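Before I ask anything, here is the structure I am working with.
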Amino acid sequence: MLAEDGKAGVRRTFLGLPKAIILDFEMPNGNGDTVLETLKSNRLTKDIPVIVLSGKNCDELTSQMLRLGATAVFKKPYDFEELYQAIKGSIS
């Protein structure tokens, strides 16, 4: 599934219940922190692994996303193999 913004991403997650989510931190209609909080606070979506991508190189952002329940946080540009392994590890 693909969503063009945070609001659509939340809506599609509830409709499709994916095995994992790759979440861009900066997007219209709901940044990554808002989307992640929404997903992790609902019993239907709280256990779905969420991997956050961000253009910001900030330890505080990484800590915040992990506190909110992200499985991993990658800074752009990210290494595709590392991202793939994180996804694979989160759904096995």
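Give the residues of the range 46-72 that are over 14 Å from Leu23 (Cβ atoms) and part of a helix (DSSP H, G or I), sorted by residue number.
Asp59, Glu60, Ser63, Arg67
Checking Pro28 against (1) in a loop (DSSP other than H, G, I, E, B); (2) under 13 Å from the mean Cα position of the chain (by Cα), only one condition comes out false. Which one?
Every listed condition holds for Pro28 apart from (2).
Which residues, counting only those in the range 29-68, are among the hydroxyl-bearing types (Ser, Thr, Tyr) and surrounded by fewer than 14 Cβ atoms within 10 Å (Cβ to Cβ)? Steps first, answer last, please.
Taking the range 29-68 first, the residues among the hydroxyl-bearing types (Ser, Thr, Tyr) are 34, 38, 41, 45, 54, 62-63.
Result: Ser41, Ser63.
The rows are residues; the columns are (1) in contact with a Ser or Thr (Cβ under 8 Å, 6 or more places away or on another chain); (2) over 20 Å from Lys88 (Cα atoms); (3) without any contact (Cβ under 8 Å) to a residue 12 or more places away in the chain; (4) not hydrophobic (A, V, I, L, M, F, W, C).
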site	(1), (2), (3), (4)
Val35	no, yes, no, no
Ser41	no, yes, yes, yes
Thr45	yes, no, no, yes
Ile51	yes, no, no, no
Leu61	yes, yes, no, no
Ala72	yes, no, no, no
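Could you check the range 76-91 and list, in sequence order, the residues that are free of Cβ contacts under 8 Å to residues at least 12 places away in the same chain and either in contact with a Leu (Cβ under 8 Å, 6 or more places away or on another chain) or more than 23 Å from Lys46 (Cα to Cα) (or both)?
Taking the range 76-91 first, the residues free of Cβ contacts under 8 Å to residues at least 12 places away in the same chain are 77, 79-82, 84-85, 88-89.
Of everything in the range 76-91, those that are free of Cβ contacts under 8 Å to residues at least 12 places away in the same chain and either in contact with a Leu (Cβ under 8 Å, 6 or more places away or on another chain) or more than 23 Å from Lys46 (Cα to Cα) (or both) turn out to be Pro77, Asp79, Phe80, Glu81, Glu82.
Taking only the range 76-88 into account, find how many residues are surrounded by 12 or more Cβ atoms within 10 Å (Cβ to Cβ) and either modelled with pLDDT of 95 or more or assigned to a helix (DSSP H, G or I) (or both).
4
The values are calculated or read from the model by the stated rules, or taken from the named source; none is laboratory data. Computed from a prediction, not measured in an experiment: that's the story for all the values here. Note that each Cβ is placed from the backbone with ideal geometry, even for glycine, and that neighbours are counted across all protein chains shown.
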